[in-house]
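The values are calculated or read from the model by the stated rules, or taken from the named source; none is laboratory data. Note that the structure is a prediction, hence the values are computed from the model and not measured. A quick note on method: Cβ atoms are made from the backbone with ideal geometry, for glycine too, and the neighbour counts reach across all protein chains shown. Quick note on the areas: whole protein, heavy atoms, side chains included, nothing else; ligands and nucleic acids left out. Shrake-Rupley method; radii C 1.70, N 1.55, O 1.52, S 1.80 Å.
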Amino acid sequence: MAVKQHSNGILNTLLEQFQIPPAKYALQAINQGFINDTFLVSREGVPYYVLQRINHSVFPNVTGLMDNIDKAFKLLESNSYRSIKLVPNLEGGTFVNHKTHGYWRLMSYIDSSLAYDTTKSASIALEAGRIIGTFHLLLDSANPEDYVDTIPHFHDLYFRSDQFRKALETATAEKLQIAEEAIYFAKETLEKLTILNSVALPLRICHNDTKLNNILFSKKTKKALCLIDLDTLMKGYFHYDFGDAVRTIANTAPEDEQNHTNITFDRDLFKAFVDGLALNGPFLTEKEIETLPLGVVLMPFLHGIRALTDYLNDNIYYKVAYENQNLDRCLSLFDFTAKAIKSLKWMKDCVLRKLTPIDS
């Protein structure tokens, strides 16, 4: 259940369940993301906190999710990484479960920050790479087995492939015909990506949603500060975070761009992003570095095949504004996937030249 922007009485009642100074707080809705309801909490015109409703339908294990975030926040502290704090509830816990209005958390607010949906700036791409590398270095001591999967099989290629094939069996003949080109591309690309299932890679704690607008930058210096929206923080492989970042950094068009001539694979932005990673020094294994280019193919493809599957299943997961929107999403993502495939050899040469493995 979403709480409307004007329900300040309800929101202030929720705030009283957290350990903050009693005051008259103003709340303003932040239209960021599609999953949680988010509000900026200010006092006398100065922002102090971010209040957020956790979408229990998407994340049924709220306790596990908040335990993940709490553990990670305690490790994500460094002179080169801006930490975010969870404000405890009155009993010292990490969230409030209101019997009517659901699950809520309160976090510290990072002032004078902003996020970008896309960029054409090499310096922004470099900073994105640096902060993602720093994020992983700080979480390197985390034990993956101590973290729950907030969305099981989120980036599991086997699982998404199985969903897709089942959708093919039940889709209408009309939809199969309309999506014929996308279906062919999906089957062809699945074959190319099967190699990832046989490579032995270290399991890491990953963000799992490293699109550019999940990175906060300083308004003044344009330096990357930290990663936000850690709901999908869980076990994974580094090429997940690498590929998802490149998906929105090397492509200067919006994610839902329908004019495919505007969809780019900008090699200069890719190089800058990798240069940013390299600023952290060696922290990846040789095998991890070798799989990074395939990660750039995998991540837009996974988002695309999920949209295609939902289209074939009559749009039961993603919200759509019109009948073929999921197919259009899929085709845009597959277009970037195809451009990444064409750049595979170039990407491999680039990452091998710029990144030094820890086991060299």
Q.
Out of everything in segment 183-232 that is open to solvent by 40 Å² or more (accessible area, probe 1.4 Å) and among the hydrophobic types (A, V, I, L, M, F, W, C), what residue ends up being nearest to K345 (Cα to Cα)?
A. I195
Q: Scan segment 121-140 residue by residue and report those that are within 17 Å of I358 (Cβ to Cβ) and not in a helix (DSSP H, G or I).
A: L139, D140
Q: Within segment 36-54, identify whether any single residue is open to solvent by 70 Å² or more (accessible area, probe 1.4 Å), touching a residue at least 60 places away in the same chain (Cβ under 8 Å) and closer than 20 Å to T232 by Cα, and answer yes or no.
A: no
Q.
Show me the strands (runs of 3 or more DSSP E) found entirely inside segment 24-93 where at least 2 residues are within 26 Å of H136 (Cα to Cα).
A. 46-54
Q | Close pairs (7 angstrom Cβ cut-off, 6 or more residues apart or separate chains): modelled with pLDDT under 90 in segment 14-31, in a loop (DSSP other than H, G, I, E, B) anywhere | A | A29/Q5
Q) Of the residues in segment 122-147, how many are under 17 Å from the mean Cα position of the chain (by Cα) and either open to solvent by 50 Å² or more (accessible area, probe 1.4 Å) or among the acidic types (D, E) (or both)? A) 1
Q.
Quick check on my filter: what residues within segment 273-308 are over 16 Å from Y237 (Cα atoms), open to solvent by 10 Å² or more (accessible area, probe 1.4 Å) and of a type outside the set (D, E)?
A. A278, L279, N280, G281, P282, H303, R306
Q) Taking segment 191-214 only, how many residues are touching a Phe, Trp or Tyr at 6+ places or on another chain (Cβ under 8 Å) and part of a helix (DSSP H, G or I)? A) 4
Q) Which condition number does T150 fail, the rest of (1) modelled with pLDDT under 95; (2) touching a helix residue (DSSP H, G or I) at 6+ places or on another chain (Cβ under 9 Å); (3) not hydrophobic (A, V, I, L, M, F, W, C) being met? A) (1)
**Q.** Residue tally, condition assigned to a loop (DSSP other than H, G, I, E, B), of a type in the set (D, E) and either out of contact with any Lys or Arg (no Cβ under 8 Å at 6 or more places or on another chain) or without any contact (Cβ under 8 Å) to a residue 60 or more places away in the chain (or both), over segment 235-265
**A.** 1
Q: Select from segment 309-328 the residues that are open to solvent by less than 60 Å² (accessible area, probe 1.4 Å), among the aliphatic types (A, V, I, L, M) and at pLDDT below 90 and list them in ascending order.
A: V320
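Have a look at T100, T119, T63 and point out the one that is of a type in the set (S, T, N, Q) and open to solvent by less than 50 Å² (accessible area, probe 1.4 Å).
None of the other options fit; the residue is T119.
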Q. Looking only at segment 342-360, which residues are open to solvent by 40 Å² or more (accessible area, probe 1.4 Å) and not in a loop (DSSP other than H, G, I, E, B)?
A. K342, L344, K345, W346, K348, D349, L352, R353, K354
Q) Just one of A307, A321 is part of a loop (DSSP other than H, G, I, E, B), of a type in the set (A, V, I, L, M, F, W, C) and closer than 30 Å to V58 by Cα; which is it? A) A321
Q. Taking L294, is it in a helix (DSSP H, G or I), of a type outside the set (V, I, T) and modelled with pLDDT of 95 or more?
A. yes
(Q) Just to be sure I understand the filter: pairs with C-beta atoms under 7 Å, separated by 6 or more residues or on different chains, first member in segment 156-184 and without any contact (Cβ under 8 Å) to a residue 40 or more places away in the chain and more than 16 Å from L333 (Cβ to Cβ), second member open to solvent by 20 Å² or more (accessible area, probe 1.4 Å) and outside any helix (DSSP H, G or I). Which pairs pass? (A) F159/H153
